[in-house]
Structures are given as C-alpha cells and as structure tokens.
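What follows draws every value from the coordinates through simple rules; no lab data is involved. Keep in mind that this is a model prediction, so the values were computed, not measured. Counting neighbours? That spans all protein chains shown, and the Cβs are built from the backbone with ideal geometry, glycine included.
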Amino acid sequence: MNQCPESNKCGGCRYTGTPYEEQLKKKQKTVKQLLGKYGKVCDIIGMDNPEHYRNKVHAVFDFQKGKGIVSGIYQEGTHNVVPVDECLLEDRKADAIIVSIRQLAKSFRMKIYDEDTGYGLLRHVLVRVGHATGQIMVVLVLGSPILPSKKNFVNVLCKLHPEITTIVLNVNNKKTSMVLGDKEQVIYGKGYIEDRLCGKTFRISPKSFYQVNAVQTEKLYNKAIEYAALTGRETIIDAYCGIGTIGLAAAEHVKKVIGVELNQAAVKDAVVNAKINGIKNADFYQNDAGKFMIQLADAGEKIDVVFMDPPRSGSTEEFMNAVLCLQPDRIVYISCNPETLARDLEYLTGKGQKNRAGKSAGSGKENGRKNYRVVEMTPVDMFPYTDNIETVCLLSKLNVEHHI
Ligand code: SAH
C-alpha cells in the first residue's frame, strides 16, 4: 500500500507502513491474547484487496484561513479538520463526489458551518455506496433547513456524478459530535439505497447502521450462520439487528427469525427488507435488546439460537441474564471490540456472574441454568489498516457437545 500523506495526522490508519500479512498476524495475536483463554481462536479471515473497502464515507466541512473551504476527517481526539481528498480506505467514487461538493460549495457560495458560533450552512457530507448495486446516496448535513438554489445544486452534482441515485438533506443544528440530526428531506431519488449481501437485497436509509466493508461482511455472516448449525427447525434471535441482515440471511435455514433493534429507521428498513426478499418467517421489533430479551424470558419463549451483534460497548448484564434464562442451544456473538467481548464472555461462561453477583456460579448450573462455554471463534478483518478487530464467537451450553 502506498503511503498516505495524511496518515500521521488523521489517525485513521494505523498500519500504512505495515504489509497486510503482518497486520493480520498482529490482529490474530491480539485476539489470542485477549480471548484465547476462553477457547480456540481460528485463523483470521483477511481480505484479498484490502484497500478502498469503506462503502460509507463521512467528510466534515470547514473554512480554514489561507485554504478556504476544506473537507476531510477530524484529527483523532480533536475537532481539527485534516483536509482529505483521497483516502486509501475509502471508496474512490465517494471521495470524488465529496471533492465535487466542496468545489460546488465554493461556486454556490455556500457558507460553511462554524462549530464554535453555530453559524453557517454546510456541515458534513455522508456518502454511502451499495457495493453490489452501485447505488449511491449523498447526505448533505446542514446547520439550517434551507439549501439555496437547491434544484440547481442537485442538477449540477448529478451531472458531474450520474452514479448518484439519491440525495438527502439532513438538518443538524445542535452542538454535538453526532453527524446526523433528526430532520430529513429527500431532494433527489428515493431517499435510500439498496445493496445485495448473501443473495438478498437490503434497503439502507441514511440513519440505519450498515457494515462498512461489504466484501468481508459476507464472510462474517457466512461464518456466523455456519456456527449456528441450523437445521430448519430453529427459532432464532437476531439481536442488535440493524436492518435485519443477519436474520434475513439465515431465514431460509430456520423456522422463525425474531429481530430486535433500537434504531427506529433501521427497524423500518428491516421490515421492508423481509418483504422485498419474500421472507415471511421474520418479525422485527423496535426496542432495547436487553428489555426485549427479558420480555421473551418472562414469557417463557423457546429460543434455539441467539445471534448477538452489539455496538463497541458490548452487551449488558440485563441482556446476557435474559439469554441465560432462555437457555438457547447456541449463542453466536459477533463483536467489533475484543475487549468488551472478553468481558461478556467472562459473564456468559459463568466467571463474571460469580464476581458480580458476589456468589458462586457453582458447577455452571444455577437454578437449572447452564452456563456457556466457548466452542471456537474466528476473527474477520473488516477494517484493514486500522486496529479495529471483528470476531465471531460460538458458545454452546456447558456439557453439551456441539459439532461444527
Ligand atoms: N447486526 C447488524 C447491526 C450491528 S451494529 C449488522 O450486521 O448490520 C449494532 C446495532 O445495535 C446498531 O444497529 C445499533 O443501532 C443497535 N443498538 C445499539 N444499542 C442497542 C440496544 N440497546 N438495543 C438494541 N439495539 C441496539
């Protein structure tokens, strides 16, 4: 990989000078160190072409003395904007669109939002590319709701980049580090894009989570579904389901899918995604995953497999306690942070419960509840050149033999 001139400033890449094979080895070692004591760590699944994989690109806009309008990335841990035109991790078309918007901002005399004073208009641009479909969504995040010469701006931008399929205005006038605000207005196209993963079509709205590396996501989901060893008879939970990707990819191999997700836009997408793929055995609920699981446990539902894919902060004791009550045969834990995964494995395997509850989890059978053991785990490199590590981990009930 070529050296990126900004890599020292932006903090996004950690390994610009390090050959990819070495990066993989380093990540493998980290996972082994953090998680090896819980069970077998299989070889990390790497990428064939580990550059320009990010299908979601965010640029913050700024006005800088001597430079004029710049767009780029916040320098790590600060609100200083490092100008970036091309990034070795990001989709090339997305980067080119952001450069064009910057040039148009100048010719349309758009005021750039000033974070200190709260004045100005253009704040961020978010571009999302459907890896398999080529559909592209541009979200213009503004400090106030009106974009002057809106029609003209859309026409010129779409002429420069006919690959853009939708443009959305998002208003964020709050002092916040969140990129998107609440209000949205579609000014071109449908307001969402679609992508294809694991043979299914997925609608993605501006506010919904979608994995940033589609190529590796397929490998990750395939591994997760393999770990679940589905027979067609199972009721499965897809917890922290986003737009329903894991549950819907698994739907044809199970009796029933129950998905839960906090973000309302994502749940709406998940419901539509079931429909457009003709999937009738999947239901999605908008709720906190922990609260929802407690309801299921209280109702005495029979759940066979729990897929859980929480954010970086990991899961909660509330959630995991409910899982321990539900006693699924298998838990497939997908994690983007091996440190919180280690903490949660400690809990699910019983050791953490002992520490926290102040009483012994004994033989692993407490109130008829069995604890879980890690069967094996596989790291998947979703984020080459950064030090983020994704891991998929299979747990099964203690003393129950499972074959993969
Ligand atoms: N499984 C999905 C999404 C994983 S990202 C995929 O692979 O695309 C984690 C998701 O958890 C996000 O969509 C986020 O909105 C959701 N989330 C965060 N906290 C949550 C909570 N307390 N309860 C339910 N979902 C939550």
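Descriptive notes on the structure:
- The stretch 56-197: relative contact order in percent, alpha carbon pairs under 8 Å with at least 6 residues between: 20 percent
- Note on the stretch 56-197: with charges restricted to the Cβ of Lys and Arg (+1) and Asp and Glu (-1), its dipole about the Cα centre is near 540 debye.
- Converting phi to 3J(HN,Hα) with the Karplus coefficients 6.51, -1.76 and 1.60 and the offset θ = phi - 60°, the stretch 245-256 yields 4, 5, x, 6, 5, 8, 4, 6, 9, 9, 7, 8 Hz in sequence order, with x at every glycine or proline.
- GNM top mover of M47, M308, M110 - the chain, alpha-carbon springs below 10 Å: M110
- For the chain, share of DSSP beta bridges that run antiparallel, in % to the nearest 5: 60 percent
- By the rule of a C-alpha distance below 27 Å, with chain neighbours fewer than 8 residues away ignored, the lysines paired with K40 are K25, K26, K27, K29, K32, K219, K223, K351, K354, K365, K370, K397.
- Here the relative contact order of the chain, from alpha carbon pairs under 8 Å that lie six or more residues apart, stands at 15 percent.
- Here the Debye sum runs over all C-alpha atoms of the chain as equal scatterers in vacuum, and log10 of I(q)/I(0) at q = 0.13 Å⁻¹ comes out as -1.13.
- Ellipticity estimate at 222 nm from DSSP helix runs (n ≥ 4, -39,500 (n - 2.57)) divided over the chain, nearest 500: -9000 deg cm²/dmol
- Nearest-20 debye value, the chain charge dipole, Cβ charges on Lys, Arg, Asp, Glu: 480 debye
- According to the Cα-based calculation, Rg over Rh for the stretch 191-327 is 0.94, with Rh computed by the Kirkwood formula.
- Degrees separating the helix 264-276 axis from the principal Cα axis of the chain, which is the longest one: 80 degrees
- Degrees, to the nearest 10: 150-160 long Cα axis against longest axis of the chain: 80 degrees
- The stretch 43-86 and the stretch 314-353: distance between their alpha carbon centers, rounded to Å: 34 Å
- The stretch 277-326, dipole about Cα centre (Lys/Arg Cβ +1, Asp/Glu Cβ -1), debye to the nearest 20: 140 debye
- Axis angle, to the nearest 10 degrees, between helix 317-326 and the longest C-alpha principal axis of the chain: 40 degrees.
- Karplus-derived 3J(HN,Hα) values for the stretch 34-39, using 6.51 cos²θ - 1.76 cosθ + 1.60 with θ = phi - 60°, are 7, 10, x, 5, 8, x Hz; glycine and proline are entered as x.
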